[in-house]
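The structure under discussion appears below in the form of structure tokens.
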Amino acid sequence: MSLKQTLSDAVKEAMRAKQSERLTTLRFLQAAIKQKEVDERVELDDKDILAIIEKQIKQRKESIAAFEQAGRAVSAAAETAELAVLSEFLPEQASDEEVEAEVNAALAELSAQGVSGPPAMGKAMATLKAKLTGRADMAKISQMLKAKLMP
């Protein structure tokens, strides 16, 4: 079943269960997907939908941090609830060990090609993004790469 169909089923389920907060978050996600489809005049596949979900999650995390810094606990709690709903649609997250192994493998491959230092960063991120999209936080991967490339 496609991610789009899974999302549609989740909306119907939330409507039946009268879960208004969950329903609002799911509808907002559906609207973001529909907007992208209309803008680009294409039918999005699961990979594109995952990218939208990741973007929404990133926005929620930034909002949570801002609300907590401003002392707005209620708003932060609402964003946290939305984050939990969105996270349900991500694939199983890669373990820290798996991410570390992928980073090391990408760096070893680039090193074998004679690429090192800052130029390796972009190439390594491209390789890792293809392998770990939706399964790991790309910001953390970027930090890990920087630490290994520029000690």
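What follows is calculated from the coordinates using simple rules that are stated; it is not laboratory data. Being a predicted model, the structure only gives us computed values, none of them experimental. Glycine also receives a Cβ, built like all others from the backbone with ideal geometry; neighbour counts cover every protein chain displayed.
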Which FRET efficiency value, to the nearest 0.05, is calculated for residue 147 and residue 45 with the Förster distance at 35 angstrom and r the Cβ-Cβ distance?
-> 0.55
Can you give the extra length, in nm with one decimal, that the chain gains between residue 20 and residue 36 once fully stretched, where that is 0.36 nm per residue apart less the Cα-Cα distance?
-> 3.3 nm
Residue by residue through the stretch 46-57, which ³J(HN,Hα) values in whole Hz follow from phi under the Karplus form 6.51 cos²θ - 1.76 cosθ + 1.60 (θ = phi - 60°), with glycine and proline marked x?
-> 4, 5, 5, 5, 4, 4, 5, 4, 4, 5, 5, 5
Inter-part gap, Cα centre of the stretch 10-76 to Cα centre of the stretch 112-126, in whole angstrom, is 34
Label-point separation in nm, residue 59 to residue 101, each point 7 Å along Cα→Cβ | 3.5
Most packed first (mean Cβ within 10 Å per residue), the peptides 99-111, 138-150, 35-47 order as 99-111, 138-150, 35-47
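So what is the 222 nm mean residue ellipticity for the chain from helices alone, if each DSSP H run of at least 4 adds -39500 (n - 2.57) and you divide by all residues, rounding to the nearest 500 deg cm²/dmol?
Rounded to the nearest 500, the figure is -26000 deg cm²/dmol.
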Modelled label-to-label distance, residue 84 and residue 113, 7 Å Cα→beta-carbon offset: nm?
-> 4.3
